[in-house]
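The values are calculated or read from the model by the stated rules, or taken from the named source; none is laboratory data. Because the structure is a prediction, the values reported are computed rather than measured. Please note: Cβ atoms are built from the backbone with ideal geometry, for glycine as well, and neighbour counts cover all protein chains shown. What goes into the accessible areas is simple: the full protein's heavy atoms, side chains included, and nothing from ligands, DNA or RNA. Shrake-Rupley method; radii C 1.70, N 1.55, O 1.52, S 1.80 Å.
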Amino acid sequence: MAARENPTRAQRRGTRPGRVTIDQVAEAAGVSTATVSRAMAGRPVRADLAERVLRTAEELGYQPNRAAQGLASGAYRTVGVVVPDLENPYFSGVLKRITLSAAGADFKTIVADANNDPDEELPLCRSLLQQVDGLVVVSPRMSSAALRELASMAPTTVLVNRVAAGVGLSTVSVDAFGAMLKICGHLVGLGHRKVAYLAGPPTAWQEQQRWQAVQRAEAFGLTGVAVPAGSTVDDGSRVAEQALATGATALVAFNDLVAIGALQRLAELGVSVPGEVSVTGSDDIPFASCVRPGLTTTAAPRAELGDATWTRLAAAMNGEPPVDVPQLEPILVIRDSTAPPPHPR
């Protein structure tokens, strides 16, 4: 009989070496992912915590991304991230994941806020290029010409949630078109036939994708009327009455913040949600489950998005050519803000 090899500790725990994530190490060690990142990178961590993290990582067979940690070409060991609006929790969630991944590779992160102004994005990128090795631009709204200029200045740039053909930069994105189709299909299944779409910023790629999906939904019996709104809570509150006046039985918002603003105004008007009108959002920010009624929306895999972004950024800083990562699949999250439309009087 052949001798059986003694199983490793990782095998005894049922975990495959090399497949363990930083989140699993953090959970098993009872610490945050940031602590794991610092300990694995040899950065200052309380001695007992560092020992616990390293012991747990060894037991689970965790293998950090040594390729990313060994990026020797970086002169600053710093990456820059530009976002449209830091007040939007969706961007904060993506940013946090990128920051943790960067810390795990011993990179610092500098963040710049464009304040919802597309004209500010390229100047911010130029400014950051003086002190970073690579750039991440989240949901950029600048023109394609500006993106091509950025690519010529900074090939070590990754675009998040912006697909622009012929630009020459790596792209990581969530399927915004598919996400909105899921919302529309859900409403059609409930019996809705006319919706008011509370439109986002016209220059946003996600806005273009979502409105195209609403228009495409006409093929399965849903008519959409666009109501210019924006991307903030105030925008949703401001246009709620205008959206109601269209006769739509559901308000489909560009994002969760706009939807929350609409919910707030509808409550002030005494309009029952979802009794008289349904409301949906997009992005599943933390507040979406806290408002009343809970908001039906779509969830973007922010952790997966952040991890894929760092992988592409590390590759770009290592001189690898740009690629478009396949779009990530959103999830439909059904809560209490949607229901069948009221019967016609």
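Summarising the label geometry, the points placed 7 Å from Cα in the beta-carbon direction at MET153 and ASP324 lie 2.5 nm from one another.
Each Lys and Arg Cβ is given +1 and each Asp and Glu Cβ -1; about its Cα centre, the chain then shows a dipole of about 960 debye. Annotation: amide H-H contacts under 5 Å for LEU222 (H modelled 1.01 Å from N, sequence separation of 5 or more, or interchain): none. Taking every protein chain into account, the accessible area of the range 102-241 amounts to 38 square angstrom per residue (probe 1.4 Å). Mean residue ellipticity, 222 nm, helices only, the chain: the sum of -39500 (n - 2.57) across DSSP H runs of n ≥ 4, divided by residue count and rounded to 500, is -12500 deg cm²/dmol. Solvent-accessible area assigned to carbon and sulfur over the chain amounts to 51 percent, based on a 1.4 Å probe. Model label points for ASP234 and SER272, set 7 angstrom from Cα along the Cα-to-Cβ axis, are 3.3 nm apart. Across all directions, the average flat footprint of the convex hull enclosing the Cα atoms of the range 150-243 is 7.3 nm².
When the P(r) of the range 84-227 is calculated, the portion above 28 Å amounts to 28% of the C-alpha pairs. In plain terms, the chain from GLN212 to GLU58 could stretch by 50.6 nm, reckoned as 0.36 nm per residue minus the Cα-Cα distance. Working value for the range 238-336: equivalent-ellipsoid semi-axes of 36, 13, 11 Å, each the square root of 5 times a Cα gyration tensor eigenvalue, largest first.
Accessible surface for SER127 stands near 60 Å², nearest 10, in the context of the full protein assembly shown (1.4 Å probe). Summarising the overall dimensions of the chain from its C-alpha atoms, the Rg and Dmax are 22.8, 81 angstrom.
The phi torsions of the range 90-104, fed into the Karplus equation with coefficients 6.51, -1.76 and 1.60 and a -60° offset, translate into couplings of 4, 5, 4, x, 5, 4, 4, 5, 4, 4, 5, 5, 5, 4, x Hz, rounded to whole numbers, with Gly and Pro shown as x.
Counting only protein chain heavy atoms and rolling a 1.4 Å probe, the accessible areas of PHE254, PHE220 rank, largest first, as PHE220, PHE254. Of all lysines in the structure, those lying under 26 Å Cα to Cα from LYS108, and not within fewer than 8 positions of it along the same chain, are LYS96.
Per residue, the range 242-290 exposes 33 Å² of solvent-accessible protein surface, assessed with a 1.4 angstrom probe and all protein chains in place.
Residues in the range 275-290 carry Karplus couplings, in order, of x, 9, 8, 8, 9, 10, x, 8, 3, 6, 5, x, 5, 4, 8, 9 Hz; the curve used is 6.51 cos²θ - 1.76 cosθ + 1.60 with θ = phi - 60°, and Gly or Pro positions show x.
Couplings for the range 197-203, taken from phi via the Karplus curve 6.51 cos²θ - 1.76 cosθ + 1.60 with θ = phi - 60°, read 8, 7, 6, x, x, x, 7 Hz in order; Gly and Pro are left as x.
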